[in-house]
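The values are calculated or read from the model by the stated rules, or taken from the named source; none is laboratory data. Treat the numbers as computed from the prediction; the structure is a model and nothing was measured. When we count neighbours, we look across all protein chains shown, and the Cβ atoms used for this are built from the backbone with ideal geometry, even at glycine.
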Amino acid sequence: MIFDMDGVLYRGNKLLPGAKEVIEFLQSRGVPFIFLTNNSTKTAKVYRKKLASMGIEVPEERILTSGIATRLYMEKHFRKGEIFVIGGKGLEEEMKTLGWGVIKIDECRDGKWKKIAHVVVGLDPDLTYEKLKYGTLAIRNGANFIGTNPDTTYPAEEGLYPGAGAIIAALEASTEKKPLIIGKPNKPAYEAALEKLRSIGEIKEIWMIGDRLDTDITFAKRFGMKAVLVLTGVSTLKDVEKSNIKPDLVVPTLKELRDYLEVYLDEGR
């Protein structure tokens, strides 16, 4: 099983109903699961601590971010070259792990932006016009344009905030270039998730549990997974009615999913 996090397990720092119970149930039954978030602002280590503070205890290895998936993809498919990051600390840490060199904004002011080989863009809580400016200059100068994920919004306690997709869209407009998008619903995220799931145990079928039709449910449908929509995040029943993308199962919260899974597993399906 693959769980999205924002809008599924929690909103902001508020644990959502049934989240702790469904994870404990899967652990008790020995069902392999991971968390796959398109949010690249935090490292897996930080996410593990956040979940632990909410009573969900999982090893760091069970958590896959779009930042991690981006690093893994770049290691396999791109040549070494200096990176400019528009994103949070989690994405910066993943890019530093590559060991290719990360160019800072003050270095861009000194003209080093001309040496940027890769512009990697994710959700950036500290976004500035200057970051967009140097990202634009570098991409127009030939740098690869890589986006962690397409989400235009993400669910928080106050409502929907601008997501990575909104920042990526600004750079698309200013560069007239299309980015490579790594996260859900795209293949690089699927490959990284599948590899992680297989490292945990035998996989007979994969369920994707998410709150967005355009990323989570599309992701599931694209790669042959069972699609479960939880109505605690972005997409609503009205959205489902209007969309051509239909989940296999819709539940109000993870509490109902836990009850459904108990029956499903007991019947040996």
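Of all residues in region 11-49, those being crowded, with 21+ Cβ neighbours inside 10 Å and in a strand (DSSP E or B) number 3. Taking the listed residues Arg48, Arg29, Arg11, the one that is free of Cβ contacts under 8 Å to residues at least 24 places away in the same chain, basic (Lys, Arg) and not assigned by TED's automatic domain parsing to the domain that holds Ala117 is Arg48, with no other qualifying. Restricting region 168-202 to residues that are of a type in the set (A, V, I, L, M) and over 19 Å from Phe223 (Cβ atoms) leaves a set whose member that is surrounded by the fewest Cβ atoms within 10 Å (Cβ to Cβ) is Ala173. From the set of residues in region 120-137 that are within 25 Å of Asp6 (Cα to Cα) and β-branched (Val, Ile, Thr), which is surrounded by the fewest Cβ atoms within 10 Å (Cβ to Cβ)? Selected residue: Thr128. In summary, Asp239 fulfils each of the numbered conditions (1) out of contact with any Phe, Trp or Tyr (no Cβ under 7 Å at 6 or more places or on another chain); (2) without any contact (Cβ under 8 Å) to a residue 40 or more places away in the chain; (3) surrounded by 13 or more Cβ atoms within 10 Å (Cβ to Cβ); (4) farther than 20 Å from Tyr154 by Cα with the single exception of condition (4). Flag not set for Pro150, criterion: over 17 Å from Ala44 (Cα atoms), crowded, with 20+ Cβ neighbours inside 10 Å, under 19 Å from the mean Cα position of the chain (by Cα) and modelled with pLDDT under 95. Within region 159-193, the only residue that satisfies the criterion of being of a type in the set (Gly, Ala, Ser) and on the phi > 0 side of the Ramachandran plot is Gly159. Considering every residue within region 76-95, establish whether at least one is under 15 Å from Glu195 (Cα atoms) and modelled with pLDDT of 95 or more. Yes; the residues of region 76-95 include at least one that is under 15 Å from Glu195 (Cα atoms) and modelled with pLDDT of 95 or more. Mind checking whether some residue in region 96-108 is surrounded by fewer than 19 Cβ atoms within 10 Å (Cβ to Cβ) and either within 16 Å of Leu171 (Cβ to Cβ) or touching a residue at least 60 places away in the same chain (Cβ under 8 Å) (or both)? Yes: one or more hits. What's the number of the condition Gly87 fails, among (1) buried (at least 20 other Cβ atoms within 10 Å of the Cβ); (2) touching a Lys or Arg at 6+ places or on another chain (Cβ under 6 Å)? Among (1) buried (at least 20 other Cβ atoms within 10 Å of the Cβ); (2) touching a Lys or Arg at 6+ places or on another chain (Cβ under 6 Å), Gly87 violates only (2).
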